[in-house]
Amino acid sequence: MAEVQIDQATYDALTSQGVPDRIARAKAKAATVRKEKQEQGVEIGPKSADQATKALAEFRENFGGSGGGTATATAVADAPSGRLTPEERAARVRASLGQTNGSPSIGVPADSKHTHRLLALVPPSGIQQVSDKQQDKVYTWPHLLLVEFVALLAMGAVLLVVSYFIDATFRELANPNLTPNPSKAPWYFLGLQELLRYFHPMVAGVTIPGVGLIALGATAYMDKNPSAKPENRKFANMSMTFFMCLWTVFVFAGSFFRGPGFNWVWPWVDGLFFEL
Amino acid sequence: MPKLPSWSEIQKNTQDNVIWKSIFRPGSIYRKGYRDTSRDRALAAMNNVLYHLHPVKVKRHGLKLTYTYCLGGLSFFLFVVLTITGIFLMFFYTPAAGAGTELAYADMRNIQASVTFGQLVRNMHRWGAHLMVFTVFLHMARVFYHGAYKPPREFNWVVGVILLTLTLLLSFTGYLLPWDQLAIWAVTVGTEMMGFTPVFGKQVQFVLLGGAVIGPNTLLRWYVLHVLFVPFVTVIFLAVHFWRIRKDGGISGPL
Ligand code: HEM
């Protein structure tokens, strides 16, 4: 297709108003096309309502009764004016395929009831790849960032207040020859230290934590249940709760119920042997 | 007295110049002409360094406090606070021990007694570390109960387990640094357990301690692990963790 010439007058007028060149060009081209159409007597712009109704009536007269068969004919009679019934639409397609005047569309036999021919079967996803479902979303700014900011301030404030009032632990200089009694690991390892009372150190210190961590990581692959709803995963939730409770019990036991010699004590009787 | 400039004049003068505009990209809320429209809200996220962490839009349900309890974010915030307070402490701390050169211990005392804000910063570093172990653990629990580790997020769960391990390692290596009785005996208990690793037990323990028993070499070794190696590895895994959250389709759910 030949390049549409720009309408010089329009272009000059627009550029003199300071309209950017790219936009002025596009508008000037549109002006040329409009002018050509007007010269040819083509009406431009949307059709008025009565024109549309007239076009529809014309169409019905031409194709409705004759080409479409009985079904179409009755449907046309019943149809409210101004809108096409499905049958009419089918007739229109048939008409556009050239079946009313006897010349068959390519690949479709003249007497066929079908308006199209089967080329291939394509799964819906092959036509349009919909990778994201429409979701209920909000803008990160300001919604998420404000929530994060408040959370950050709150946590910062808690940490500051705690640090203002409670000093970090600081004991005497390290002395390899003087073993404190009890000697305890940091709290998050006290569950393991507690296990040392029941198992060989290799089992308590290496096997159990090692297997535990690997099992924790493997959980994501072992749980084949696709549902995330609590009511559908009672077993998973119960198992996790069980292990977490068990672990908490061990940590608490090691932290608060073990005293000198890592022997059992009652904290309300013998006092606390716990440092952070 | 000369007339003071009005607030809007000050605002105009600071915002309407080349330097300011070069710093704050179009859409920034600090740039002149930010309007609260969909377009500028989108640009505010898209034209910001935070775009590395957050998409332009997020699922509405994920904002509810009771979905994430902000636990992952708070773990990360604590990690940042620990980095900042940790750098501060590094200015005043020498990882040296041994008879006659108990610098580590002396430096700790000095930080608490004479460094401005030293005690406060040390407290924040220590309580923050304990708190981070706790929030990471709770974050893991919330991820589990939401089934948020299910496909396509299995691998991010594994990355999480690695992060949990790294968090414990960070905390534990730091525990030795004050070089007081609490520190060396807690670490003695911990490393003795590692000595029971099958086959290589003694070697593992030797590498960890930098010798047969806990001593100055251990301190130096754990210091380097604590301030350099483990944080470095952690940052890498954090990057993968955050990147995967977005690639896996953002926050999971709604349930
Ligand atoms: C240093 C430690 C960690 C940091 C800083 C961190 C940070 C985050 C952040 C910011 C999120 C976004 C959602 C939220 O806040 O809940 C997240 C999600 C997630 N985290 Fe972590 N995390 C850490 C450790 C872990 C651990 C220990 C696990 C599990 C073993 C884990 C597994 C996950 C999973 C599967 C998601 C996706 C959750 C979803 O889509 O709902 N992370 N993490």
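The values are calculated or read from the model by the stated rules, or taken from the named source; none is laboratory data. These numbers come from a predicted model, not from an experiment. Here the Cβ positions follow ideal geometry from the backbone for every residue, glycine too, while neighbour counts run over all protein chains shown. Note: accessible area is taken over every heavy atom of the protein model, side chains too, but ligands, DNA and RNA are not part of it. Shrake-Rupley method; radii C 1.70, N 1.55, O 1.52, S 1.80 Å.
Below are the figures for this structure:
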quantity: Out of B:T191, B:T197, sole residue that is in contact with a helix residue (DSSP H, G or I) (Cβ under 6 Å, 6 or more places away or on another chain), modelled with pLDDT under 90 and surrounded by fewer than 19 Cβ atoms within 10 Å (Cβ to Cβ); calculated: B:T197
quantity: Residues (open to solvent by less than 30 Å² (accessible area, probe 1.4 Å), within 10 Å of the ligand (Cβ to nearest atom) and of a type outside the set (G, A, S)) located in the range B:229-255; calculated: B:T234, B:L238, B:H241, B:D248
quantity: Members of the range B:160-175 found to be near the ligand (Cβ under 7 Å from one of its atoms) and within 27 Å of A:F235 (Cα to Cα), listed by number; calculated: B:G160, B:V161, B:L163, B:L164
quantity: Matching residues, the range B:114-150, being more than 8 Å from chain A (Cβ to nearest Cβ), more than 16 Å from the chain's Cα centre (by Cα) and away from the ligand (no atom under 11 Å from the Cβ); calculated: B:S114, B:V115, B:T116, B:F117, B:G118
quantity: Pairs, first facing chain A (nearest Cβ under 8 Å) in the range B:195-216, second hydrophobic (A, V, I, L, M, F, W, C), C-beta under 6 Å, six or more apart; calculated: B:F196/A:M202; B:F196/A:V206; B:T197/A:V206; B:T197/B:V204; B:I214/B:I184
quantity: Matching residues in the range A:216-240 - criterion: being more than 8 Å from every other protein chain (Cβ to nearest Cβ) and in contact (Cβ under 8 Å) with a residue 12 or more places away in the chain; calculated: none
quantity: Count of residues meeting criterion [in contact with a Ser or Thr (Cβ under 8 Å, 6 or more places away or on another chain), of a type in the set (G, A, S) and modelled with pLDDT of 95 or more] in the range A:206-263; calculated: 0
quantity: Single residue of the range B:100-119 satisfying the filter (among the small types (G, A, S) and either without any contact (Cβ under 8 Å) to a residue 12 or more places away in the chain or not assigned by TED's automatic domain parsing to the domain that holds B:T173 (or both)) that is surrounded by the most Cβ atoms within 10 Å (Cβ to Cβ); calculated: B:A106
quantity: Restricting the range B:168-182 to residues that are closer than 16 Å to B:T94 by Cα and among the aliphatic types (A, V, I, L, M), the residue that is least open to solvent (accessible area, probe 1.4 Å); calculated: B:L176
quantity: The range B:1-20 - residue that is within 30 Å of A:H143 (Cβ to Cβ), outside any loop (DSSP other than H, G, I, E, B) and not hydrophobic (A, V, I, L, M, F, W, C) and, of those, least open to solvent (accessible area, probe 1.4 Å); calculated: B:Q15
quantity: Residue in the range B:218-228 that is least open to solvent (accessible area, probe 1.4 Å), counting only those that are farther than 23 Å from B:V80 by Cβ and touching a residue at least 60 places away in the same chain (Cβ under 8 Å); calculated: B:L219
quantity: Qualifying residue in the range A:202-213 (condition: away from the ligand (no atom under 16 Å from the Cβ), hydroxyl-bearing (S, T, Y) and in contact with a Pro (Cβ under 9 Å, 6 or more places away or on another chain)); calculated: yes
quantity: Count - residues of the range A:177-213 that are more than 45 Å from the chain's Cα centre (by Cα), surrounded by fewer than 15 Cβ atoms within 10 Å (Cβ to Cβ) and more than 7 Å from chain B (Cβ to nearest Cβ); calculated: 7
quantity: Criterion violated by A:W247 - all others in (1) touching a residue at least 40 places away in the same chain (Cβ under 8 Å); (2) more than 16 Å from the ligand (Cβ to nearest atom) satisfied; calculated: (2)
quantity: When residues of the range A:140-164 are limited to those that are of a type outside the set (A, V, I, L, M) and more than 14 Å from B:H125 (Cα to Cα), the one most open to solvent (accessible area, probe 1.4 Å); calculated: A:F149
quantity: Helices (runs of 4 or more DSSP H) contained entirely in the range B:21-99, each with at least 2 residues that are more than 16 Å from the ligand (Cβ to nearest atom) and either open to solvent by 80 Å² or more (accessible area, probe 1.4 Å) or among the polar types (S, T, N, Q) (or both); calculated: B:38-46, B:71-90
